[in-house]
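All remarks here apply to the structure that follows.
Just so it is clear, none of the values below were taken in a lab; they were calculated from the coordinates. Predicted, not measured: the structure shown is a model, and the values here were computed from it. Because the Cβ atoms are built from the backbone with ideal geometry, glycine has one as well, and the counts that use them run over all protein chains shown.
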Amino acid sequence: MDCKRIQELLITDYMDGEASAEIRQQVKAHLAVCAQCREFEQVLRQKVAAPFENLEAVKPPETVWQGIKEVITAESEAQEPVPQQVPVTIQRMFDFLRQSFAVRRPAFALSTAFSILLVVFLFAQGPVRRQMAVNDYIQEQSTIMLSLNTPVNGDLDQEINFGTSIERYLF
């Protein structure tokens, strides 16, 4: 282990006596070869652990314990009775749903929320796009209808005069 990890263990589990036997052996082995970590442990013992070594345990008065017991009893009585046995299939179904929909990582939750928002946005765009298409169609048809009302070959009020009799006959 490196010094940083050893110092972290010294601050947390090792000094409290909660480290496993294997961790304690690794820390002791490292302290035997590393002067810097050994000095860190000595300073830690002097500054942090030593002031608390000679303290007497403070026992709260019996009334405090009695109050705690009363609150616990009142809370347990206030709770609704729990059904004795839930069918195994229903319990398995709830466990499956709980495991399936549990959010384990914030990034997954964020991406899921973003995906849901994207799908909602895309579905909301459907009616808007259809309305825009209808408006475009009506505008196009209105333009066509208005163009039918205008003369095709210029001004229709003038009579077209074909100069010769053959032109009059053919046209």
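Before moving on, here are some points about what is shown:
- Residue within region 45-57 that is touching a residue at least 12 places away in the same chain (Cβ under 8 Å) and either among the polar types (S, T, N, Q) or in contact with a Phe, Trp or Tyr (Cβ under 6 Å, 6 or more places away or on another chain) (or both) present: no
- Only one of Arg45, Arg38, Arg92 that is surrounded by 10 or more Cβ atoms within 10 Å (Cβ to Cβ), within 42 Å of the chain's Cα centre (by Cα), in a helix (DSSP H, G or I) and of a type in the set (Lys, Arg): Arg92
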